[in-house]
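The values are calculated or read from the model by the stated rules, or taken from the named source; none is laboratory data. Values in this document were obtained by computation on a predicted structure and should not be read as measured data. Please note: Cβ atoms are built from the backbone with ideal geometry, for glycine as well, and neighbour counts cover all protein chains shown.
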Amino acid sequence: MNFKVYIPARFASTRLPGKLLMEVGGKSILQHVYERACLSGALEVVVATDDEKIARVASGFGATVCMTALSHQSGTDRLADAVAQRGESPETVIVNLQGDEPAMPAAVIQQVAALVLSDPAVDMATVCEPLEREADWRDPNQVKVLRDVRDKALYFSRAALPFQRDDPVGGWTVGREYRRHVGLYAYRVTYLQRFVGLPVHPLELAERLEQLRALANGACILVPDAVAPCGIGIDTAADLARFTTDYTG
């Protein structure tokens, strides 16, 4: 398949500063992510960053690095900057792989790329996984997604959705509709450029979820179940400890 992976990477992090350079098994989190991307069969894997420390580490393990502006508010803005600097063609499919997703399977990276490559009507592709615990369903740090019968996104939220009207407390009922959204995206350069040019939407501001900007502007976002378990992103020290245990154990 003809696609490229871009990894937006920043040093600053509210909950775990410098997490991308923390090491597990003798490799930085960023290197783990990069190696997963390389296994996907991508034509090229690029690290997009505004930080010299990250750039040096990434170059040291062989990554192509693109330095971006300091002013970007999101990884998507950073990715769009790098794509423009490198002159990617409008129809190139780009996979946006976050730099804190060291367990992301290569097969899932391939999956989202294939969804965009196979259908010109798809603006964006991402994936989800079943929610197994009520605590995760109620956790605002776990983003939930609602889909139609063709796996097209209807809404993303930090709330415990869908609400169970006939349950007096809107409680947990195991079912197909309960899904955790995994923050991995694929899109063509044309759509990426259009997206970053759109104004921030009120729903995006309310939920702090930028994919709602795309939905509010009529984007077709496919969200099938991931073909392999995606693991967890590294947001906190506890996440890092869990990944370390899984990697070494």
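Key figures
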quantity	calculated
Residues (in a loop (DSSP other than H, G, I, E, B), touching a strand residue (DSSP E or B) at 6+ places or on another chain (Cβ under 9 Å) and at negative phi) located in the stretch 35-48	SER40, ALA42, LEU43
Pick from the stretch 163-200, criterion polar (S, T, N, Q) and more than 19 Å from LEU215 (Cα to Cα), ranking: modelled with the lowest pLDDT	THR173
Boolean, VAL196 is surrounded by fewer than 20 Cβ atoms within 10 Å (Cβ to Cβ) and either among the polar types (S, T, N, Q) or within 30 Å of ASN2 (Cβ to Cβ) (or both)	yes
Residues of the stretch 201-216 satisfying the condition of being in contact with an Asp or Glu (Cβ under 6 Å, 6 or more places away or on another chain) and basic (Lys, Arg)	ARG213
Subset of the stretch 194-211 [in a helix (DSSP H, G or I) and either without any contact (Cβ under 8 Å) to a residue 12 or more places away in the chain or of a type outside the set (D, E, K, R) (or both)]	ARG194, PHE195, VAL196, GLY197, PRO202, LEU203, LEU205, ALA206, GLN211
Residue satisfying all of: in the stretch 64-81; crowded, with 22+ Cβ neighbours inside 10 Å and aliphatic (A, V, I, L, M); farthest from GLU101 (Cα to Cα) among these	ALA80
Single residue of the stretch 212-249 satisfying the filter (in a loop (DSSP other than H, G, I, E, B) and without any contact (Cβ under 8 Å) to a residue 12 or more places away in the chain) that is nearest to TYR185 (Cα to Cα)	GLY218
From the options ALA135, ALA153, ALA160, residue that is small (Gly, Ala, Ser) and at pLDDT 95 or above	ALA153
For GLU129: the one exception among (1) of a type in the set (Asp, Glu); (2) outside any loop (DSSP other than H, G, I, E, B); (3) modelled with pLDDT under 95	(3)
All positions within the stretch 11-34 that are farther than 14 Å from GLY233 by Cβ, of a type outside the set (A, V, I, L, M, F, W, C) and in contact with a strand residue (DSSP E or B) (Cβ under 8 Å, 6 or more places away or on another chain)	TYR34
The one condition in (1) in a loop (DSSP other than H, G, I, E, B); (2) of a type in the set (S, T, N, Q); (3) over 29 Å from GLU134 (Cβ atoms) that THR190 fails to fulfil	(1)
Single residue of VAL57, VAL93 found to be within 18 Å of the chain's Cα centre (by Cα) and touching a residue at least 24 places away in the same chain (Cβ under 8 Å)	VAL93
Those residues of the stretch 33-52 which are touching a residue at least 60 places away in the same chain (Cβ under 8 Å) and crowded, with 22+ Cβ neighbours inside 10 Å, in sequence order	VAL33, ARG36, ALA37, SER40, ALA42
Residue within the stretch 225-242 that is modelled with pLDDT of 90 or more, closer than 25 Å to GLN73 by Cβ and among the polar types (S, T, N, Q) present	no
Condition met for VAL145 (modelled with pLDDT of 95 or more and within 28 Å of ASP239 (Cα to Cα))	yes
The stretch 132-162, residues that are touching a helix residue (DSSP H, G or I) at 6+ places or on another chain (Cβ under 6 Å), in a loop (DSSP other than H, G, I, E, B) and under 13 Å from GLN211 (Cβ atoms)	ARG158
